[in-house]
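Peer 1: Take a look at the following structure, please.
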Amino acid sequence: MKYEYKTLADIRHKVFKAVSKMAFEDCLDCIENMPYEIIEGDIATYRDSVFLERAIVGERIRLAMGLSLRSSDKRRPITEGIELANKPEKYYEPELINIIKFACNACPTRSFEVTNMCRGCLAHPCVEVCPVNAVSMVNGKSVIDQEKCIKCGLCAKACPYSAIIEHERPCAAACGVDAIGSDAYGRAEIDYDKCVSCGMCLVNCPFGAISDKSQIYQLIQAMNKGNDVIALVAPSFFGQFGKNVGFNDFKRGMLELGFNDCVEVAIGADICTIDEAHDFLEKVPNELDFLATSCCPSWSVMAKNLFPEFKDNISMALTPMVFCARLVRETNKNAKIVFIGPCSAKKLEASRRTVKSEVDFVITFEELSGMLDAKGVEIVGTDKSQNDEATGSGRGFAVTGGVAKAVKDLIEKEKPGMEVLTFKADGLKACVQMLNGAKKGKFKGYLLEGMACPGGCIAGAGCIAKPSVSSALVNVAARTSKLKLSDESKYSDKIHLLQENYK
């Protein structure tokens, strides 16, 4: 996982810091020299060649500026096409998630291999269970014919010595929608018709060959131009910048960095909770067998793509990000609004045409960390202080089960004696299994919660803290919030206004 890959995290941070510094200083002429500043000396540290290291960093710089990767068939400057990125408005060239081909190790695709633990046993169950006769005994040892093998894994399960192991490239193993394939040279390739931009391939690639595009350059340009720029911070910020950092501590850091204001997206989560609770009460079970949450864009896109028969079962409630942005826009019509969170997919959500999000930029906690370092700003935890606007239910959205719990708690408060059945799944593979269960009628009358990232938003591709640490601190923040349930929010009556204004 990326949280454990300290070397990769350090390189990514240096790139985000360098791009941020260049943007704050408005020094486009600095770009060509940046790979030499990030990768110093003439001896390779991470790969076989220092020149390869710098070439990869050059592509990372382009992605961090929202630009596409360059073809490596001839010499091209890092700044190629820079005029496209050089504007203080929302920008990146599709596609969002990219593979730097010459950084990819062309890891072996999924296969089963017999190790030297094979004892050549008399029973040879691996041979017995293979449905296509791909396993045989050669010189007293088990051998798998890879051309016949159908990757069912029965041989591995049957071996009493655990002598047969499964190989799978980490990025493909992490992808819950089977969007990772191979090109003609065995390098990883993304099928963008399947990809839902969850970023789990990015998180799990040990070679750091996969990266998403950023808008930090355009965001800083907007700041430099003197725009009012307002930050919206996702509930998963707890733990990302220190265990003692509360919302007021985080806000002080954002103001010092150059933002004009900072707002908790948990406020939008409260409005989302109220909307989904009303949705559930109106439609389940009279119109729909079950209702599924809507706040995770990767989950909802995957569900609609793979299970089109359930498109009406996914709640039509706007996400917390959109609710919060629209709320802020009511009194800040000309401001630039920036969502700061854990997620690659939010970058796509902010750009979609079907719903006006009111979000101008999306950056991750990891990208924000580079901006802070570039300007020498430190977020200091002083008192774990919170504001009194968001509720514990809204803050709990960041962890698996938090959305369903918030909706369930509100319904059961409004309808005493009513029990709301819930089921949660995190990780897209588990979400697919959950919806397969729904196809079989397993979840009639249920509220289903889907999260693309294992553990919830606190494990998003843009996080910098270990999920276990962030999860614990989110739970503490939710538990100690002055306001408990979402209907206690002073914005609880804003749902219809925020929806009607954008129809």
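Peer 1: Under 6 Å by Cβ, and 6 or more places apart or on different chains, what pairs join a residue from the stretch 356-371 that is touching a residue at least 12 places away in the same chain (Cβ under 8 Å) with one that is charged (D, E, K, R) and buried (at least 22 other Cβ atoms within 10 Å of the Cβ)?
Peer 2: Glu358/Arg326; Asp360/Lys336; Val362/Lys346; Val362/Lys347
Peer 1: Related question: Among the residues that make up the stretch 280-297, is at least one of them assigned to a helix (DSSP H, G or I), small (Gly, Ala, Ser) and within 28 Å of Glu389 (Cα to Cα)?
Peer 2: To start, the set of residues in the stretch 280-297 that are assigned to a helix (DSSP H, G or I) comprises 280-283, 297.
Then keep just the ones that are small (Gly, Ala, Ser); that gives none.
Taking every residue of the stretch 280-297 in turn, none turns out to be assigned to a helix (DSSP H, G or I), small (Gly, Ala, Ser) and within 28 Å of Glu389 (Cα to Cα).
Peer 1: Give the residues of the stretch 9-32 that are without any contact (Cβ under 8 Å) to a residue 24 or more places away in the chain, more than 21 Å from Glu366 (Cα to Cα) and surrounded by fewer than 13 Cβ atoms within 10 Å (Cβ to Cβ), sorted by residue number.
Peer 2: Hits for the stretch 9-32 are Cys27, Asp29.
Peer 1: While we're on this one: So how many residues does the stretch 351-378 have that are closer than 24 Å to Gly268 by Cα and among the hydrophobic types (A, V, I, L, M, F, W, C)?
Peer 2: 7
Peer 1: While we're looking at this one, here's another question. Assess whether Lys194 counts as being touching a helix residue (DSSP H, G or I) at 6+ places or on another chain (Cβ under 8 Å) and either at pLDDT below 95 or not in a loop (DSSP other than H, G, I, E, B) (or both).
Peer 2: In short, no.
Peer 1: State which residue is surrounded by the fewest Cβ atoms within 10 Å (Cβ to Cβ) when the search covers only the stretch 304-327 and only residues that are in contact with a strand residue (DSSP E or B) (Cβ under 6 Å, 6 or more places away or on another chain) and of a type in the set (A, V, I, L, M, F, W, C).
Peer 2: Ranking the qualifying residues of the stretch 304-327, first place goes to Ile314.
Peer 1: Can you tell which of Lys439, Lys490 is surrounded by fewer than 19 Cβ atoms within 10 Å (Cβ to Cβ), in the same structural domain as Phe238 (by TED's automatic domain parsing) and at pLDDT 95 or above? Spell out how you get there, then give the answer.
Peer 2: Values: Lys490 fails: at pLDDT 95 or above.
Exactly one of Lys439, Lys490 is surrounded by fewer than 19 Cβ atoms within 10 Å (Cβ to Cβ), in the same structural domain as Phe238 (by TED's automatic domain parsing) and at pLDDT 95 or above, namely Lys439.
Peer 1: OK, next. Failed condition for Cys30, given (1) under 28 Å from the mean Cα position of the chain (by Cα); (2) part of a helix (DSSP H, G or I); (3) among the hydrophobic types (A, V, I, L, M, F, W, C), with all others met?
Peer 2: Against the list (1) under 28 Å from the mean Cα position of the chain (by Cα); (2) part of a helix (DSSP H, G or I); (3) among the hydrophobic types (A, V, I, L, M, F, W, C), Cys30 comes up short only on (1).
Peer 1: Which residue out of Ala209, Ala266 is outside the structural domain of Leu84 (by TED's automatic domain parsing), in contact with a Lys or Arg (Cβ under 9 Å, 6 or more places away or on another chain) and among the small types (Gly, Ala, Ser)?
Peer 2: Of Ala209, Ala266, the one residue that is outside the structural domain of Leu84 (by TED's automatic domain parsing), in contact with a Lys or Arg (Cβ under 9 Å, 6 or more places away or on another chain) and among the small types (Gly, Ala, Ser) is Ala266.
Peer 1: Something else about it: Which residues, taken from the stretch 206-222, are closer than 14 Å to Thr364 by Cβ and not in a helix (DSSP H, G or I)?
Peer 2: Ser211, Asp212, Lys213, Ser214, Gln215
Peer 1: Next question. Quick one: Arg329 ticks every box in (1) out of contact with any helix residue (DSSP H, G or I) (no Cβ under 6 Å at 6 or more places or on another chain); (2) more than 23 Å from Glu276 (Cβ to Cβ); (3) of a type outside the set (Asp, Glu) bar one, so which box is it?
Peer 2: It is condition (2) that Arg329 fails.
Peer 1: So which residues in the stretch 132-163 are more than 30 Å from Ile100 (Cα to Cα) and either among the acidic types (Asp, Glu) or assigned by TED's automatic domain parsing to the domain that holds Lys429 (or both), if there are any at all?
Peer 2: Asp145
Peer 1: Give the residues of the stretch 421-431 that are crowded, with 20+ Cβ neighbours inside 10 Å and in contact (Cβ under 8 Å) with a residue 40 or more places away in the chain, sorted by residue number. Explain how you work it out, then say what you get.
Peer 2: Applying the first criterion (crowded, with 20+ Cβ neighbours inside 10 Å) to the stretch 421-431 yields 424-428, 431.
Scanning the stretch 421-431 gives Gly427, Leu428, Cys431.
Peer 1: Still on this model: Could you list, in sequence order, all residues of the stretch 225-238 that are modelled with pLDDT under 95 and not in a loop (DSSP other than H, G, I, E, B)?
Peer 2: None - no residue of the stretch 225-238 is modelled with pLDDT under 95 and not in a loop (DSSP other than H, G, I, E, B), so the list stays empty.
Peer 1: Consider the stretch 34-47. How many of its residues are closer than 25 Å to Ile363 by Cα and free of Cβ contacts under 8 Å to residues at least 12 places away in the same chain?
Peer 2: We begin by selecting, within the stretch 34-47, every residue closer than 25 Å to Ile363 by Cα; these are 34-35, 37-39.
Imposing the further condition that a residue be free of Cβ contacts under 8 Å to residues at least 12 places away in the same chain reduces the set to none.
Selection size over the stretch 34-47: 0.
Peer 1: Scan the stretch 137-152 for residues that are at pLDDT below 95 and of a type in the set (Gly, Ala, Ser) and jot them down.
Peer 2: Gly140
Peer 1: Which pairs have Cβ atoms under 6 Å, sit 6 or more apart or on different chains, and link a residue in the stretch 232-248 that is touching a residue at least 12 places away in the same chain (Cβ under 8 Å) and outside the structural domain of Glu367 (by TED's automatic domain parsing) to one that is part of a loop (DSSP other than H, G, I, E, B) and crowded, with 24+ Cβ neighbours inside 10 Å?
Peer 2: none
Peer 1: Also, quick follow-up: Inspect the stretch 268-280 for any residue being polar (S, T, N, Q), under 21 Å from Arg395 (Cα atoms) and touching a residue at least 60 places away in the same chain (Cβ under 8 Å) and give the result as yes or no.
Peer 2: So in the stretch 268-280, the residues polar (S, T, N, Q) come out as 273.
Imposing the further condition that a residue be under 21 Å from Arg395 (Cα atoms) reduces the set to 273.
Then keep just the ones that are touching a residue at least 60 places away in the same chain (Cβ under 8 Å); that gives 273.
Yes, because at least one residue in the stretch 268-280 is polar (S, T, N, Q), under 21 Å from Arg395 (Cα atoms) and touching a residue at least 60 places away in the same chain (Cβ under 8 Å).
Peer 1: Would you mention how many residues in the stretch 239-263 are part of a helix (DSSP H, G or I) and among the charged types (D, E, K, R)? Can you show your working first?
Peer 2: At the first step, the residues of the stretch 239-263 found to be part of a helix (DSSP H, G or I) are 247-257.
If we keep only those that are among the charged types (D, E, K, R) as well, we get 249, 251-252, 256.
Number of matching residues: 4.
Peer 1: Mind telling me which of the residues Ile99, Ile39 ends up being more than 26 Å from Tyr192 (Cβ to Cβ) and β-branched (Val, Ile, Thr)? Walk me through how you get there before you give the answer.
Peer 2: Values: Ile99 fails: more than 26 Å from Tyr192 (Cβ to Cβ).
Step by step, each of Ile99, Ile39 is checked, and only Ile39 is more than 26 Å from Tyr192 (Cβ to Cβ) and β-branched (Val, Ile, Thr).
Peer 1: Tell me, which residue of the stretch 385-420 that is touching a helix residue (DSSP H, G or I) at 6+ places or on another chain (Cβ under 8 Å) and charged (D, E, K, R) is surrounded by the most Cβ atoms within 10 Å (Cβ to Cβ)?
Peer 2: Per the criteria, the residue is Arg395.
Peer 1: Further, regarding this structure: Could you tell me which residue of the stretch 458-493 is nearest to Glu309 (Cα to Cα), considering only residues that are outside any helix (DSSP H, G or I) and charged (D, E, K, R)?
Peer 2: As a first pass, look at the stretch 458-493 and keep what is outside any helix (DSSP H, G or I): 460-466, 481-485, 489-493.
Next, only the ones that are charged (D, E, K, R) stay: 466, 482, 484, 490, 493.
Working: Lys466: 36, Lys482: 41, Lys484: 36, Lys490: 37, Asp493: 32 Å.
The qualifying residue nearest to Glu309 (Cα to Cα) is Asp493.
The values are calculated or read from the model by the stated rules, or taken from the named source; none is laboratory data. Keep in mind it's a predicted model, so treat the numbers as computed, not measured. Cβ coordinates were reconstructed from backbone atoms using ideal geometry, including for glycine residues, and neighbour counts include every protein chain displayed.
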